[in-house]
Amino acid sequence: MNDNISMYFAKLLEKVGIKRIWGITGDSLNGLSDSLEKLNKIKWIGTRHEETAAFAAGADAKVSGEIAVCAGSCGPGNLHLINGLYDCQRKGVPILAIASHIPSSEIGSGYFQETHPQDLFKECSIFCELVSNPEQMPNILETAIRQAILKQGVSVIVIPGDVMLNPMPENSKLLLSKPSLPKVLPDEHDIIKLAKILNENEKITFLCGAGCKNAHDEVIKVAQLLNAPVVHALGGKEHIEWENPNSVGMTGLIGYESGYYAMDNSDVVLVLGSTFPYKAFYPQDARIIQIDIKPESLGRHCQLDLALIGDIKASLEMLIPKIDKKENNIFIKSALKHYKNTVEKFDKLASENSKVGLIHPQYLTKLINKYASDDAIFSCDVGTPTVWAARYLDMNGKRKLIGSFNHGSMANALPQAIGAKVSSPNKEVIALCGDGGFAMLMGDFLTLIQHKIKAKIVIYNNSSLGFVAIEMKAGGYLYENTDLTNPDFSAIANAAGVKGYKVEKPEELESTIKDFLKYDGAALLDVTTAKQELTMPPKITFESAKGFGIYMLRTIINGKGDELVEVAKENLLR
């Protein structure tokens, strides 16, 4: 007798190398759950929210470099996956999502929990198909896995629970050759054009993104031949920042002034594996050239003088023999000096000394960076934790940084830390959480206990949606809805069975962080940080400056001048 579809699913996933499935089980997933139990090869890791399951699977895939799997039961169950899957799709990690459906005979009747997942998931996937007939198998499952791996994105299989229990077609083979990513080379004529432009211009800057993974040495070699400053987008930080004598920092809304300076003063900007979205940070007069493995990424946010399709490592290997070494180093020296001054300014802000006895988030992050292991994996919530991670965590070629950098979702750090730690149990995993982000998916703090996941959770507790408040100030708005009334998170941790630490004084922080990171088990560190800390963008526009002035006037007019005093204390009295 043939296996039913659910058992075939389980066996093929095991053959592909899947070790776990993330999700919340439910009646429409019973067949799959039962098959996994019988096979006893793949672990079901239950989360408290399906959104966590998708985020965790994404971190699992990023850390391992392999396809990961998450699942949701019919209707609301798989709908909860969507936010995390959007993040996975935009991050470009291989994910197979199993979206269980209502009974096939009831589709279209307005049945209990009915949705149309094959439509809902299309925008956050590269492959999404409904399995309504066993004869579609095994081709649909094999295709979904291949698409996820080769296109580095999300594949969704929508399948009713009753169809899962149907027998596989006769003579179905358990067969899947897991594909390898191809080497993609640009056209030779385009490489010649690129070399000519680079050789004929003096002031060249690189903008490097996540697509520079595995191309660290090639990027630096070309940059040194051209005396070109290397700027990175946030997604490129872990791949290009370390051991890079031409690095001048990050650009963008949370970047370095030096990164903006290098790009703004260039004759040519070479964009490598980045879909950097902020048009205001591209120079107006420079020629812009982009190399990317994804054709759809070319010219999405700026007009291009030359566009090349190829993976960055292979493209630069073709380019290197055609580059003439430049002797003029005036531009790179100027950019590096600017970078040095910028770093010194940031270092001053990360001081333990505060005239008003506050813990500045920069200092907290600097200490985490100092005492974390050389191969630590960090996750950071969207908002100010991402700012501090970008500016104060040092990458070294072994560390990893995971966030929701393209999708920009709140509450990502905790679930991504869960996925990363399960994927790499022998590495230190540290989540840098905002108090708002942590509270949003706080239920999955219990997942740490249930599955004995020894991740470390840091909470920047400023009782505020900090980055939202800063954006509102820059727009000139008074704000009242960004304040948060928080519990003692460390007490909640201790009550739940996780070691909790709480720090409110700067002089106690360093010793506590040492103990926190040394603790053999899951732990949470609740740090009361300065509420009104400002994160200044590298480019202060007239509109932002005007907006902040309007905000100050409104606070005084509305009798909230004490708020301005707090801003001054926390940012000027250092």
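The values are calculated or read from the model by the stated rules, or taken from the named source; none is laboratory data. A quick note: this is a predicted structure, and the numbers were derived from the prediction, not measured. For neighbour counting, all protein chains shown are included, and Cβ atoms are generated from backbone atoms with ideal geometry for every residue, glycine included. Remember, those area values only see protein heavy atoms, side chains included, never the ligands or the DNA or RNA. Shrake-Rupley method; radii C 1.70, N 1.55, O 1.52, S 1.80 Å.
When the pairs 62/91; 237/325; 91/213; 91/427; 366/421; 15/178 are compared against a 18 Å limit on Cα-Cα distance, 237/325; 91/427; 366/421 fall above it.
At 7 Å along the Cα-to-beta-carbon direction for both residue 344 and residue 285, put a label point, then send me their distance in nm to one decimal. Label-label distance for residue 344 and residue 285, simple model: 2.9 nm. Net length available on complete extension from residue 139 to residue 109 is 8.0 nm, with 0.36 nm assigned per residue and the Cα-Cα distance removed. Helices in the chain, meaning DSSP H runs of at least 4 residues, each add -39500 (n - 2.57). Divided by all residues, the mean residue ellipticity at 222 nm is -12000 deg cm²/dmol. Prolate is the label for segment 128-232, because a/c, from the alpha-carbon gyration tensor with a ≥ b ≥ c as root eigenvalues, is 1.5 or above and a/b exceeds b/c.
The label-point distance for residue 44 and residue 116, in a model that sets each label 7 Å from Cα toward Cβ, rounds to 3.0 nm. With a Förster radius of 30 Å applied to the beta-carbon distance between residue 27 and residue 488, the computed FRET efficiency rounds to 0.20. Here the contact order of segment 137-180, divided by its residue count and restricted to Cα pairs under 8 Å and six or more residues apart, works out to 49 percent.
When only C-alpha pairs under 8 Å and at least 6 residues apart count, what is the relative contact order of segment 134-212, in percent?
Relative CO of segment 134-212 lands at 31 percent.
Heavy-atom accessible area with a 1.4 Å probe sorts 109, 334, largest first, into 109, 334.
Bridging of residue 370 to aspartates and glutamates at a Cα separation below 14 Å is possible for 347, 352, 394, 428, 510, 515, once same-chain residues fewer than 8 apart are set aside.
Sort segment 1-150 into rounded, prolate or oblate with this rule: let a ≥ b ≥ c be the square roots of the eigenvalues of the Cα gyration tensor; rounded if a/c is under 1.5, and if a/c is not under 1.5, prolate when a/b is larger than b/c, oblate otherwise. Since a/c stays below 1.5, the shape of segment 1-150 is classed as rounded. Counting other C-beta atoms within 10 Å, and keeping those with at most 14, which DSSP coil trypsin sites (Lys or Arg not before Pro) do you find in segment 296-330? Here the trypsin sites (Lys or Arg not before Pro) that fit, given the DSSP loop and packing criteria, are 300, 325. The Cα center of segment 30-73 and the Cα center of segment 384-406 differ in position by 26 Å.
With the contact rule set at Cα under 8 Å and sequence spacing of 6 or more, what percent relative contact order holds for the chain?
Here the relative contact order equals 12 percent.
Computed over the Cα atoms of segment 106-186, the ratio of the radius of gyration to the Kirkwood radius (Rg/Rh) comes to 1.05.
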